[in-house]
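The block underneath contains the structure these notes are about, expressed in structure tokens.
The values are calculated or read from the model by the stated rules, or taken from the named source; none is laboratory data. Keep in mind that what you see is a predicted model, and the values were worked out from it rather than measured. Here the Cβ positions follow ideal geometry from the backbone for every residue, glycine too, while neighbour counts run over all protein chains shown.
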């Protein structure tokens, strides 16, 4: 079951349900054996673990969203940054789940005028 590592942890760790090898240049969907349903008014995010990223293991599509109406198994898409392989063992912490409050939102069409100070986009604020 997902659980927090400490009382101050923001997320719940999730573990690998099967051993697998991550290979350089490919993405592996690592099984967790979990089917999770978020409480009403929330959704879940699957996030990477910093301990894995420091070893060259990255979660692609981070954070991943688990919608309230998704009923399938949670799988974590991982890749390895270096030539060779990285072994995942059963029980290894491979990601973390965060419960996120959902705010009722609706979009409307209309004109949006850029503000005088923020309209340029990517990299517009410099260093």
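Going residue by residue through segment 7-17, is there one that turns out to be part of a loop (DSSP other than H, G, I, E, B) and within 13 Å of the chain's Cα centre (by Cα)?
The first filter runs over segment 7-17 and keeps only residues part of a loop (DSSP other than H, G, I, E, B), leaving 7-11, 16-17.
Okay, now just the ones that are also within 13 Å of the chain's Cα centre (by Cα), so 11.
Taking every residue of segment 7-17 in turn, at least one turns out to be part of a loop (DSSP other than H, G, I, E, B) and within 13 Å of the chain's Cα centre (by Cα).
Scan (1) surrounded by 12 or more Cβ atoms within 10 Å (Cβ to Cβ); (2) out of contact with any strand residue (DSSP E or B) (no Cβ under 6 Å at 6 or more places or on another chain); (3) at pLDDT below 95; (4) under 22 Å from residue 101 (Cα atoms) for the single condition residue 39 breaks and write down its number.
The one condition residue 39 does not meet is (1).
Name the residue, out of 50, 109, that is under 19 Å from residue 4 (Cβ atoms), without any contact (Cβ under 8 Å) to a residue 12 or more places away in the chain and either loosely packed, with under 13 Cβ neighbours inside 10 Å or within 13 Å of the chain's Cα centre (by Cα) (or both).
Values: 109 fails: under 19 Å from residue 4 (Cβ atoms).
Every option except 50 fails the conditions.
Among the residues of segment 10-27, which ones are without any contact (Cβ under 8 Å) to a residue 60 or more places away in the chain and either surrounded by 11 or more Cβ atoms within 10 Å (Cβ to Cβ) or under 17 Å from residue 99 (Cβ atoms) (or both)? Give the derivation first.
We begin by selecting, within segment 10-27, every residue without any contact (Cβ under 8 Å) to a residue 60 or more places away in the chain; these are 25-27.
Of everything in segment 10-27, just one residue is without any contact (Cβ under 8 Å) to a residue 60 or more places away in the chain and either surrounded by 11 or more Cβ atoms within 10 Å (Cβ to Cβ) or under 17 Å from residue 99 (Cβ atoms) (or both), namely 27.
Please go through segment 56-76 and give me each residue that is farther than 24 Å from residue 104 by Cβ, in contact with a strand residue (DSSP E or B) (Cβ under 7 Å, 6 or more places away or on another chain) and surrounded by fewer than 17 Cβ atoms within 10 Å (Cβ to Cβ), ordered by number.
Scanning segment 56-76 gives 56, 58, 60, 61, 62, 73.
Please find, within segment 53-74, the residue that is nearest to residue 5 (Cα to Cα) out of those that are in a loop (DSSP other than H, G, I, E, B) and without any contact (Cβ under 8 Å) to a residue 24 or more places away in the chain.
The residue in question is 54.
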